[in-house]
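Worksheet: one structure, shown below.
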Amino acid sequence: MDFSLLGPIAVTSGSGQLSLGPAKRRSVLALLLLQPNTTVPLEQLIDSLWEDEPPEHARTVVQGHVSRLRATLAEGGADAYGIELATHGSAYLLRLPEELIDAHRFGELVALARPEAAPADAVPLLREALGLWRGPALTGTVTSPPFAAAAHALEERRLTAVEALGRAHGTLGEHEQAAAVLYSAAVNHPLREGLIAGLMRALFRTGRQSDALEWFHRTRRLLNEELGVDPGERLRSAYEEILRAEAADRRGAGSATGRTPQRSAGDSAGAAAAGGEQVPAQGGAAGSGARGGPGRAPSAPRLLPRPPARFLGRQDQLAALTDALTDRTTGESPLAVVAGPAGVGKTACAVQWAHQYAAAFPDGQLFADLRGFGEGDEAAPAEILRDFLLALGTPPERVPTSAQAASALFRSLVAERRLLVVLDHARSSAQVRPLLPGGLACATVVTSRSRLDGLVATD
């Protein structure tokens, strides 16, 4: 005889699944199975079955459900399995071998798995454990807080096992399998930072850096919009780990080839300012033309989100960006502002252009969500500069803590590079200025709900 809590409440015997009756009867059984071989007071059952004030006849109702469950178990041959539903005064005890309960077997299998120390053994153990799940835990019980809390606790244990399975695959070098395991759980639990961090690492190790970074930015936006908080240590650590790994790869590639970028006078870029999405950008100056520029170096930082799916239209705005960011007339670093109301597609437009012309910026493309219009705090320049400096290969211990010093180091590092910077959701000109690269061959695209006239006028 098997008892199922990891999905719809069910009891299966040799003759098939037993009929358990209405939700409250299933809930009584579930509560007894959650505390096997332990006396459960009648009052606890009553409090769990009725979210509001229980009826006067609640005790009689519970007693009736217990009586029917006892008869159902007997009909299924409970005695042969050593199962007994006993009454102890004003409490009940479901006596049974605990391995008959799927939640107990799940816990034992997970406890045996050691994803880091013995990953080859952990993978089948964790897969068997997760295979016991047939849907959301405690399906078919009443919706009172005690059952909701119990279902949540079981779900937390499932997600912990999913994360452990992802780590086991990762330890074995099976990063595609790790990403597949973690992906669906991450979609259904988009605010679980440990899960997202594991998925980011798996995606990065399969060569899908843009996907990994997109998960970080998406989760950061959700945390900010729904909870008003910034990413925690696990998510930030995964993000910085990816940036450092990319920087280390670039340093290794540079020392292996011994090559330095070759530039000509025509590679210098000039300045520009742009209007909103509906107004063509006003001229600036340029570096190497975006069309037909040199191929992007594989070791350059590539922090752009994935290009928007099914991007249509906006040809005038894309052309305006091209004019602004490839104008050669002023001898200053090009800057374009894409402005418009919420939801009009500013980010999609900027990211689409950035991907189309990435080859014109072979030294990399940087991206940052400045969070200027969320419910939480906007991104501090020092936070964004730290991400940029790590992506450019700066060792963590050499990243300045002050925004002023970090901005100076950033400008110094990119002064001779052909680099694109995309700054999304800027609230003010002051938030953007410390993040401007300044190098003549660099270009910057800013999106905002405001026109940022001060930035356009001075920069």
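For segment 47-68 and segment 387-459, write down the distance between their C-alpha centroids in whole Å.
Cα centres, segment 47-68 to segment 387-459: 64 Å.
Given labels modelled 7 Å from the Cα in the Cβ direction, how far is it in nm from GLN44 to THR206?
4.4 nm
With a 10 Å Cβ neighbour count serving as the proxy for reagent exposure, in which order, fewest first, do CYS442, CYS349 appear?
By the 10 Å Cβ count, ascending: CYS349, CYS442.
Quick check for me: using +1 on Lys/Arg Cβ and -1 on Asp/Glu Cβ, what's the dipole size of the chain about its Cα centre, in debye to the nearest 20?
1360 debye
May I ask you to list the GluC sites (Glu not before Pro) in segment 1-104 that are in a DSSP loop and have at most 12 other Cβ atoms within 10 Å of their Cβ?
Loop-located and lightly packed - GLU56.
First check a/c for segment 2-100, with a ≥ b ≥ c the square roots of the eigenvalues of its C-alpha gyration tensor; if it is under 1.5, answer rounded, and if not, answer prolate when a/b is larger than b/c or oblate otherwise.
Judged from the Cα gyration tensor, segment 2-100 comes out prolate (a/c at least 1.5, a/b above b/c).
Which shape class applies to segment 67-186: rounded if a/c is under 1.5, otherwise prolate when a/b exceeds b/c and oblate if not, where a ≥ b ≥ c are the square roots of the Cα gyration tensor eigenvalues?
It is prolate, given that a/c is not under 1.5 and a/b is the larger ratio.
Just checking my list [x] 1.31; [y] 1.44; [z] 1.09 against Cα Rg over 2.2 N^0.38 Å computed from this structure; which label fits?
Step by step, Cα Rg over 2.2 N^0.38 Å for this structure corresponds to label [x].
Quick one: GLU176, GLU233, GLU378, fewest Cβ neighbours within 10 Å first, how do they rank?
Ranking GLU176, GLU233, GLU378 by Cβ neighbours within 10 Å, fewest first, gives GLU233, GLU176, GLU378.
Among DSSP beta bridges whose residues both lie in the chain, state the antiparallel percentage, nearest 5.
Antiparallel bridges make up about 45 percent of those DSSP assigns within the chain.
Please arrange ASP459, ASP369 by how many other C-beta atoms lie within 10 Å of their C-beta, fewest to most.
Listing ASP459, ASP369 from fewest to most nearby Cβ atoms yields ASP459, ASP369.
Name the residues of segment 58-87 whose amide N is less than 20 Å from a point 7 angstrom out from the Cα of THR12 along the C-beta direction?
Label zone hits: 72-83.
From the P(r) of segment 147-226, can you give the percent of Cα pairs sitting at distances over 22 Å?
24 percent
Can you work out the FRET efficiency for the pair ARG244 and ALA319, with r the C-beta to C-beta distance and R0 = 45 Å, to the nearest 0.05?
It comes to 0.75.
Using the Cα gyration tensor of segment 354-458, with a ≥ b ≥ c the square roots of its eigenvalues, what is the shape: rounded (a/c below 1.5), prolate (a/b larger than b/c) or oblate (neither)?
Oblate shape, in that a/c is at least 1.5 and b/c is the bigger or equal ratio.
Laboratory data are not the source of any read-out in this text; all were calculated from the coordinates shown. Remember, it's a predicted structure, so these values are computed and weren't measured experimentally. Please note: Cβ atoms are built from the backbone with ideal geometry, for glycine as well, and neighbour counts cover all protein chains shown.
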